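Trainee: Below you'll find the structure I mean.
The values are calculated or read from the model by the stated rules, or taken from the named source; none is laboratory data. Just so it is clear, the structure is predicted and the values come from calculations on it, not from any experiment. When we count neighbours, we look across all protein chains shown, and the Cβ atoms used for this are built from the backbone with ideal geometry, even at glycine.
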Amino acid sequence: MTPYARRGVHGQTVETLARRVLSGEIAEGATLDMAALQSELDVSLTALRESLKVLAAKGMVDARQKRGTFVRPRSDWNLLDADVLRWQFSESDGTGADPALLRNLGEVRGIIEPAAVRLAAARRTDADLEALEAALTAMGQEGGASDAVEADLAFHRALLAATHNELLERMEMVIESGLAQRDRLVHSAPHSEDPVPSHRAVLDAVRDRDPDGAEHAMRALLDQATRDLDKLSGPSAPVGADGSTDAKDGQAQ
């Protein structure tokens with residue numbers, strides 16, 4: 001999954017329309033007023049239609065004769081698309097701190113990464129170890145929040161690559177979207193926990209070809225990630241199938 005290029009008027013138009021749909025400003029089922037959008041965004045009708053083709057490919061809009069272009073139900077959207085994830089994090093107030101989405105992505109990581117790291121421990125090559133070590137070294141260096149985020153992404157990207165499973169490697173676009181947003185929040189906060197020891201434990205187990213130890217270390221790392229987020233937003237309530245949370249008397253259970 002290659003992220004959509006955001007350059008130029010075309011890219012800006014795609015971004016604007018996507019965020020309006022994701023925020024609910026353009027509601028599910030709504031028919032788009034093409035003339036009004038063309039005037040407001042100051043783009044040609046051709047450019048507007050080309051931009052909407054991008055959203056159509058992601059399941060967000062569709063077009064029918066006599067009805068025109070309309071927003072499809074959220075259940076039809078490709079929520080695992082890297083751009084759709086990024087747009088969800090960046091819409092609203094600009095913080096991208098959607099607790100429910102972060103929890104959902106955290107659960108996805110909890111399913112994928114412990115299993116992936118077992119494969120990495122069994123299949124890793126010397127080149128994989130070098131990539132992991134380089135990322136860990138960068139993680140321990142002094143730098144800004146953006147440097148810390150990139151080092152963390154590089155580490156988890158290298159772990160997926162070390163599985164030597166092409167489908168798992170493609171999951172990096174899904175995992176990175178949530179991981180990058182989580183890291184931006186955590187690394188921007190004062191007194192955040194040092195991430196190096198937990199990542200070092202994962203690398204050591206992978207180097208030792210110890211699948212059980214690698215899985216245990218990864219689960220500990222993910223537990224730390226959850227604690228880091230809880231420090232910022234408080235413990236999260238369980239998420240139901242409909243995306244709602246269960247809480248009593250205003251307290252997460």
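Trainee: Among the residues in the stretch 62-81, are any surrounded by 15 or more Cβ atoms within 10 Å (Cβ to Cβ) and in a helix (DSSP H, G or I)?
Mentor: No, because not a single residue in the stretch 62-81 is surrounded by 15 or more Cβ atoms within 10 Å (Cβ to Cβ) and in a helix (DSSP H, G or I).
Trainee: Filter the stretch 14-61 down to residues that are touching a Gly at 6+ places or on another chain (Cβ under 9 Å) and not in a helix (DSSP H, G or I), then give me how many there are.
Mentor: 3
Trainee: At pLDDT 95 or above, under 19 Å from the mean Cα position of the chain (by Cα) and in a helix (DSSP H, G or I): is that true of L101 in this structure?
Mentor: The answer is no for L101.
Trainee: Among the residues that make up the stretch 37-48, is at least one of them without any contact (Cβ under 8 Å) to a residue 40 or more places away in the chain and either on the phi > 0 side of the Ramachandran plot or among the basic types (K, R) (or both)?
Mentor: Checking the stretch 37-48: at least one residue is without any contact (Cβ under 8 Å) to a residue 40 or more places away in the chain and either on the phi > 0 side of the Ramachandran plot or among the basic types (K, R) (or both).
Trainee: Any idea which of R109, R86, R64 is over 24 Å from R170 (Cα atoms) and charged (D, E, K, R)?
Mentor: Going through R109, R86, R64 in turn, just one is over 24 Å from R170 (Cα atoms) and charged (D, E, K, R): R64.
Trainee: Right, another one. Within the stretch 73-95, is there a residue that is on the phi < 0 side of the Ramachandran plot, at pLDDT 90 or above, among the small types (G, A, S) and assigned by the TED database to the domain that holds A56?
Mentor: Scanning the stretch 73-95 turns up at least one residue that is on the phi < 0 side of the Ramachandran plot, at pLDDT 90 or above, among the small types (G, A, S) and assigned by the TED database to the domain that holds A56.
Listed here are the residues, each with its yes/no results for (1) crowded, with 21+ Cβ neighbours inside 10 Å; (2) over 21 Å from the mean Cα position of the chain (by Cα); (3) assigned to a helix (DSSP H, G or I).
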| position | (1), (2), (3) |
| --- | --- |
| A115 | no, no, yes |
| S146 | no, no, yes |
| H164 | no, yes, no |
| R182 | yes, no, yes |
| D194 | no, yes, no |
| V202 | yes, yes, yes |
| E215 | no, yes, yes |
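Trainee: Going through L32, L52 one at a time, which residue ends up being closer than 30 Å to R170 by Cβ, modelled with pLDDT of 95 or more and over 19 Å from the mean Cα position of the chain (by Cα)?
Mentor: Of L32, L52, the one residue that is closer than 30 Å to R170 by Cβ, modelled with pLDDT of 95 or more and over 19 Å from the mean Cα position of the chain (by Cα) is L52.
Trainee: Out of the stretch 122-174, which residues are under 17 Å from V206 (Cβ atoms), of a type in the set (D, E) and free of Cβ contacts under 8 Å to residues at least 12 places away in the same chain?
Mentor: Once the filter is applied, which keeps residues that are under 17 Å from V206 (Cβ atoms), of a type in the set (D, E) and free of Cβ contacts under 8 Å to residues at least 12 places away in the same chain, the stretch 122-174 yields D126, E130, E169.
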